[in-house]
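Engineer: Here's a structure for you.
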Amino acid sequence: MKTLPDIKSSFSRLIATPSISALEAELDTSNLAVIELLHNWFSDLGMQCQSLPVANTRNKHNLVASFGQGQGGLLLAGHTDTVPFDEGRWSQDPFSLVEKNNRWYGLGSCDMKGFFALTLEALKELPLDKFKRPLHILASADEETTMNGAKAFAAAKSIAPDYAIIGEPTSLKPVYMHKGHFTQGIRVTGRSGHSSDPAKGLNAIEVMHLVTGQLLKLKQHLANNYREDAFSVPYPTMNFGHIHGGDAANRICGCCDLHIDLRPIPGLALDDLELMVANYLEPICSQYPGCIHVAPLYPGSEPFADKKEGSWTQLVAKLSDSQPEVVNYATEAPYISQLGCQTLVLGPGSIEQAHQPDEFLDISYINQTKDLLKKLIYHACIK
């Protein structure tokens, strides 16, 4: 085995390598440099590594690293990208690992480049010659935006693990279910004109008033008819997050935009939710043909559910000494689970640090995570 970086060096190098995902081209960066780091490290460990370009991205790649042959085994999955950052709100350089207050600060330290460094550290201490079932590692692209990396990997079905762990920050508690995320932009295009003669125009704000009325009916329908009591908010939610229309009090509004956010529970697919929105708005669309346009603001994420009483969930709960939980944020889990594996979300750090200035990982998680990963790999691949 070649000499591998120590844990602090691998953290530092991953954080120092930008891999920002953004829908705006001027903020978006390739993750290829991070992929190359991981490719080198896991190859030096003796794993077979493959870098795969991801379609419909700006030079983004997935990495799949595997050790062992055959079916089954374990997949450890995570994303290589980070969100953009507001430099003015950081106390130090986001791309430099800073240690203070028993914390490691840096963009991606918690969400979630650090997970790969900890996985590497765990594998250094395991007898790779004793593996009976394969171990796979997925380092994916664009989780923070489109999730195209995980979607492409799931569609390829190149591996068939028995179990999967997605290393998002959950404070090392196993998460077996979460909501999805779906956004839509609704534009009403009317006819502008002078406010002194309303009949000569079509006021887009007035039409949007009818649209919001129908959406509020849908919001109530979702609350009344879909429920999962495991969630703190046990029904699908709808939020009106942005609205803008018009330019002057004495002018008939010619255009009005509304942005909505919906969080479906498991059992409510995004396609079904999109159809519901269309059906509820259909009477307004018929009344004002060609005036209403509805489209996703950006790709959504499906809800996810595994079995709380499943064998993998119960084993991981025992090994982590934590009860299985549900969360409201979205992950790559619904796509990874398409491989047919029992899937959980579990990783070091708190979700409260994700997407925040001065993001950090508490140093206490380092040995805890390494030891837990060793136990999970042992049970899935060696025992």
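Engineer: So which residues in the range 41-58 are under 19 Å from Leu126 (Cα atoms), in a loop (DSSP other than H, G, I, E, B) and open to solvent by 20 Å² or more (accessible area, probe 1.4 Å), if there are any at all?
Structural biologist: Across the range 41-58, the qualifying residue is only Gly46.
Engineer: I'm trying to understand the selection: among the residues of the range 164-201, which are assigned to a loop (DSSP other than H, G, I, E, B), open to solvent by 60 Å² or more (accessible area, probe 1.4 Å) and among the polar types (S, T, N, Q)?
Structural biologist: Across the range 164-201, the qualifying residue is only Ser196.
Engineer: Of everything in the range 310-326, what is in a loop (DSSP other than H, G, I, E, B) and of a type in the set (Gly, Ala, Ser)? Give them in sequence order.
Structural biologist: Gly310, Ser322
Engineer: Considering only residues that are without any contact (Cβ under 8 Å) to a residue 24 or more places away in the chain, open to solvent by 60 Å² or more (accessible area, probe 1.4 Å) and not in a loop (DSSP other than H, G, I, E, B), look in the range 79-102 and name the one that is farthest from Ile159 (Cα to Cα).
Structural biologist: Once the filter is applied, the top-ranked residue is Gly88.
Engineer: If Lys383 satisfies all but one of (1) open to solvent by 50 Å² or more (accessible area, probe 1.4 Å); (2) closer than 30 Å to Phe131 by Cα; (3) at pLDDT 95 or above, what's the number of the condition it fails?
Structural biologist: Status for Lys383: all satisfied but (3).
Engineer: Residues to consider are Leu32, Leu128; find the one that is open to solvent by 10 Å² or more (accessible area, probe 1.4 Å), touching a strand residue (DSSP E or B) at 6+ places or on another chain (Cβ under 8 Å) and modelled with pLDDT under 95.
Structural biologist: That would be Leu128, the only listed residue that is open to solvent by 10 Å² or more (accessible area, probe 1.4 Å), touching a strand residue (DSSP E or B) at 6+ places or on another chain (Cβ under 8 Å) and modelled with pLDDT under 95.
Engineer: Specify which of the listed residues (Leu38, Leu76, Leu14) is in contact (Cβ under 8 Å) with a residue 60 or more places away in the chain, in a strand (DSSP E or B) and surrounded by 17 or more Cβ atoms within 10 Å (Cβ to Cβ).
Structural biologist: None of the others qualify; the one that does is Leu76.
Engineer: On the given criteria, is Lys113 among the charged types (D, E, K, R) and either surrounded by 18 or more Cβ atoms within 10 Å (Cβ to Cβ) or closer than 23 Å to Lys370 by Cβ (or both)?
Structural biologist: So Lys113 fits the description; yes.
Engineer: Taking the condition surrounded by 18 or more Cβ atoms within 10 Å (Cβ to Cβ), touching a residue at least 40 places away in the same chain (Cβ under 8 Å), within 19 Å of Gly73 (Cβ to Cβ) and not acidic (Asp, Glu), does Pro161 pass?
Structural biologist: Yes, satisfied.
Engineer: Out of (1) farther than 30 Å from Pro84 by Cα; (2) touching a residue at least 60 places away in the same chain (Cβ under 8 Å), what's the single condition that is false for Ile336?
Structural biologist: (1)
The values are calculated or read from the model by the stated rules, or taken from the named source; none is laboratory data. Treat the numbers as computed from the prediction; the structure is a model and nothing was measured. Positions of Cβ are generated from backbone atoms using ideal geometry, with glycine treated the same way; all protein chains shown enter the neighbour counts. Keep in mind that these areas ignore ligands, DNA and RNA; they rest on the heavy atoms of the full protein, side chains included. Shrake-Rupley method; radii C 1.70, N 1.55, O 1.52, S 1.80 Å.
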